[in-house]
1. So which pairs qualify, if the first residue must be in region 376-396 and free of Cβ contacts under 8 Å to residues at least 24 places away in the same chain, the second must be of a type outside the set (Phe, Trp, Tyr), the Cβ gap must be under 7 Å, and the two must be at least 6 apart or on different chains?
2. Does region 310-341 hold any residues that are free of Cβ contacts under 8 Å to residues at least 60 places away in the same chain and either in contact with an Asp or Glu (Cβ under 6 Å, 6 or more places away or on another chain) or part of a loop (DSSP other than H, G, I, E, B) (or both), and which are they?
3. Only one of Ala374, Ala378, Ala355 is modelled with pLDDT of 95 or more, buried (at least 20 other Cβ atoms within 10 Å of the Cβ) and in contact with a His (Cβ under 7 Å, 6 or more places away or on another chain); which?
4. Looking at Lys92, is it more than 19 Å from Thr330 (Cα to Cα), buried (at least 17 other Cβ atoms within 10 Å of the Cβ) and either hydrophobic (A, V, I, L, M, F, W, C) or touching a residue at least 12 places away in the same chain (Cβ under 8 Å) (or both)?
5. Out of everything in region 131-161 that is outside any strand (DSSP E or B) and touching a Lys or Arg at 6+ places or on another chain (Cβ under 6 Å), what residue ends up being nearest to Leu192 (Cα to Cα)?
6. Determine whether region 288-309 contains at least one residue that is in a strand (DSSP E or B), over 14 Å from the mean Cα position of the chain (by Cα) and closer than 24 Å to Val405 by Cβ.
7. Which pairs have Cβ atoms under 7 Å, sit 6 or more apart or on different chains, and link a residue in region 107-126 that is farther than 20 Å from Phe81 by Cβ and polar (S, T, N, Q) to one that is in a loop (DSSP other than H, G, I, E, B) and at pLDDT below 95?
8. Applying the selection to region 57-84, what residues are at pLDDT below 95 and touching a strand residue (DSSP E or B) at 6+ places or on another chain (Cβ under 8 Å)?
Amino acid sequence: MRGLLRVAAAGVLALGLQAVGGCLDVDAAVEEVCRKKPELCADGGVPDRDDGGAPDGSGAGDAGPAEPHWEPVQSMGARRFGHTATLLGNDKVLVVGGFEAGNAAVATTELYDLASSTWTDAGTLSAARAFHTATMLGNGKVLVVGGRVGTEALRSAMLYDPADGGSWTSARSMANARASHAAVLLSSGAVLVMGGGEDDEGGLTTSELYEPDTEMWSSVGNLTAARNALAATELPGGGVLAVGGYGHIDASDTADVYDVSTRSWTAAPNAMSETRSGHTATLVPSLGQVLVVGSAGPEFSTSTQLYAPSTRTWTDSGWLSVPRAHHTATALTSGGVLVVGGLPGWDAAPVKDVALYDPDRGWVSRPELLRPRAFHTATPLKDGGVLVIGGLGAEGAERSAEQYVP
């Protein structure tokens, strides 16, 4: 079975892309928004965030609440996909690493300031990496773990401290090199890292626990199946659900549950309706259940399912209008889950499609992205919006970013 990086490479080659020059013209992107949706714009083609009136200025304040839409924001300094984006306590978003083109990972990091809508350099990693994880710790620091440079997975980890202008320091390395793994912050403050792979041909069963107080790693038992390109999330009550992923042959239709008291994994008793990799798993707080969306293995899927921890069972939760994998699924403050972009097939171009899972109504269509993308990031914001950054686009790795306004 082809692995995660091979998926990305196949997508790039299918689009006839090599290393791409040139940058996103933000003004052109704004003009495109206004051309397609003039109701969002006022005199001169700039999205009007203030008065809610008609495009000609009439009826200001009488149009009622604005409809959900996307707004372009300033582009990053570097193109990247397979990166991470983490909201810090100072209302800035830290973007780390990623692939610039093909297997060329970058060591650069950037900060997006939500207040000024500007990007600044955030320093350089000791090693370039992509398909790593970045987890915000209780002390305000960000733990960056593993990833890949070229075809080699990494054991190394780094800590970003936003205090005093921001700085990077090396953290202790893991026992296993891994990329395309999952990392979950536990209610105890520790970080559970699991699965992934040393290369894109197979998966790992191992998991490790990072304790911020001691800055030490410890092994905490094995998953019941190898899981590369898995998805994982914390469950109500403190456990962790690890879903799908692939081993040396095919993707899995199984899931494992981590018990924080015994530091061990057990298999969930029931399998999903299909095998999954490159999917997402997102806790829906109002339901107390986990929403699993899409798949790349072996077929790209429109299927979605809910896992109920109380009964340890799966139920179907509807179908997307577009098959996808390597998308994002973000829990909103309103209670829904926003599913953005992704790849619809092995050799297909990324999509602009966006769908909202509403616990009361099911799946609801939402306005398309301004630019198609997969392997991007989607960061939930305090105002209920979502900041989508970079990814693999129609012309290669993206510098662009856009914000969902609910």
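The values are calculated or read from the model by the stated rules, or taken from the named source; none is laboratory data. Just so we're clear, the structure is a prediction, and the values are computed from it rather than from any experiment. Every residue, glycine among them, receives a Cβ derived from its backbone with ideal geometry; neighbour counts consider all protein chains shown.
1. That search, which allows pairs on different chains as well, returns Gly385/Gln403; Gly385/Val405; Gly385/Pro406.
2. Ser310, Thr311, Arg312, Val322, His327, Thr333, Gly335, Gly336, Gly341
3. On the way: Ala378 fails: in contact with a His (Cβ under 7 Å, 6 or more places away or on another chain); Ala355 fails: in contact with a His (Cβ under 7 Å, 6 or more places away or on another chain).
Exactly one residue qualifies, and that residue is Ala374.
4. Details: more than 19 Å from Thr330 (Cα to Cα): no; buried (at least 17 other Cβ atoms within 10 Å of the Cβ): yes; either hydrophobic (A, V, I, L, M, F, W, C) or touching a residue at least 12 places away in the same chain (Cβ under 8 Å) (or both): yes.
So Lys92 fails the test.
5. Pass one, region 131-161, residues outside any strand (DSSP E or B): 131-132, 137-141, 146-147, 150-151, 155-156.
Then keep just the ones that are touching a Lys or Arg at 6+ places or on another chain (Cβ under 6 Å); that gives 131, 146-147.
On the way: Phe131: 16, Gly146: 13, Gly147: 15 Å.
My answer is Gly146.
6. From region 288-309, those in a strand (DSSP E or B) are 289-293, 301-308; that's our starting set.
Now narrow it down to the ones that are over 14 Å from the mean Cα position of the chain (by Cα): 289-291, 301-308.
If we keep only those that are closer than 24 Å to Val405 by Cβ as well, we get 291.
Yes, because at least one residue in region 288-309 is in a strand (DSSP E or B), over 14 Å from the mean Cα position of the chain (by Cα) and closer than 24 Å to Val405 by Cβ.
7. none
8. Taking region 57-84 and keeping what is at pLDDT below 95, we get 57-67.
Those that are at pLDDT below 95 and touching a strand residue (DSSP E or B) at 6+ places or on another chain (Cβ under 8 Å): Gly57, Ala66.
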